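Just below is one structure, and these are the notes that go with it.
The values are calculated or read from the model by the stated rules, or taken from the named source; none is laboratory data. Everything numeric in this text was worked out from a predicted model, so none of it was measured. Here the Cβ positions follow ideal geometry from the backbone for every residue, glycine too, while neighbour counts run over all protein chains shown. Protein only, heavy atoms only, side chains kept; ligands, DNA and RNA dropped before computing areas. Shrake-Rupley method; radii C 1.70, N 1.55, O 1.52, S 1.80 Å.
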Amino acid sequence: MYTETLRGPRGLTWLGITAAVIAAGSEGLIIGSLGSLWGTPAFPVLVAAGIWVLLILGLASAVGILNRTTVCVSEGEIRGYLSPLRVVRIPVTSIVAMQEVTVSPRAAGGIGYRLMPGQRFLLLSGGPAVTLTVQNRPAYTLRSECPAELMSGIGREARRVR
């Protein structure tokens, strides 16, 4: 079993706190504006839009405030989390190759869980990482401060499962 948790940049935490404050303020504005529209055709639209705004801002604030990624290798699979969400799940038996690389947010198209053609990234900062070539799926690049240990943990789990 192998687990590694990495913290992201401090600025992302402040961005998450800002999103939480905006979500809380938006809730008050939305509720306040609904009273005068009760019973009108615009009422359900505003309620639906308000719910979506609060959900999106709430999720953005949670990701920003928690501001960490976790990679777990156990139970025959690799699980990657962008706290609080699980975003990667790869069976170790489907891994064809592993390679230690250096990744940058610019190459990945940003930070977080990034989807590029034929490639997936899980990172909050640049640095060492492991790229996994997976059967019938895109390649996955997982940011890790200890890429050799991550690859060793994946190898041990693959041998245990087989």
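Summary of computed values
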quantity: Fraction of antiparallel bridges per DSSP, segment 44-162 only, in percent to nearest 5; calculated: 90
quantity: Highest-MSF residue in the chain out of Arg79, Arg106, Arg120 [GNM, Cα springs under 10 Å]; calculated: Arg106
quantity: Farthest positive-ward along the chain dipole, Cα basis, beta-carbon charges - from Ala62, Leu29, Thr141; calculated: Thr141
quantity: Antiparallel bridges, percent of DSSP beta bridges restricted to segment 117-162 (to nearest 5); calculated: 50
quantity: GNM top mover of Trp38, Trp52, Trp14 - the chain, alpha-carbon springs below 10 Å; calculated: Trp38
quantity: Karplus-derived HN-Hα couplings along segment 109-118 (A = 6.51, B = -1.76, C = 1.60, θ = phi - 60°), whole Hz, x at Gly and Pro; calculated: x, x, 10, x, 9, 10, 10, 10, x, x
quantity: About the Cα centre, charge dipole magnitude for segment 60-124 (Lys/Arg +1, Asp/Glu -1 at Cβ), debye; calculated: 200
quantity: Carbon + sulfur, % of accessible area of segment 12-86 - ligands and nucleic acids excluded, 1.4 Å; calculated: 77
quantity: Kyte-Doolittle at least 1.0, axis length at least 30 Å by Cα - qualifying DSSP helices, the chain; calculated: 10-34, 42-66
quantity: Solvent-accessible area per residue, Å², over the chain with all protein chains present [probe radius 1.4 Å]; calculated: 55
quantity: Amide H contacts of Val101 (H built 1.01 Å from N, under 5 Å, at least 5 apart or other chain); calculated: Ala129, Val130, Thr131
quantity: Amide H contacts of Leu124 (H built 1.01 Å from N, under 5 Å, at least 5 apart or other chain); calculated: Gly112
quantity: The chain, dipole about Cα centre (Lys/Arg Cβ +1, Asp/Glu Cβ -1), debye to the nearest 20; calculated: 340
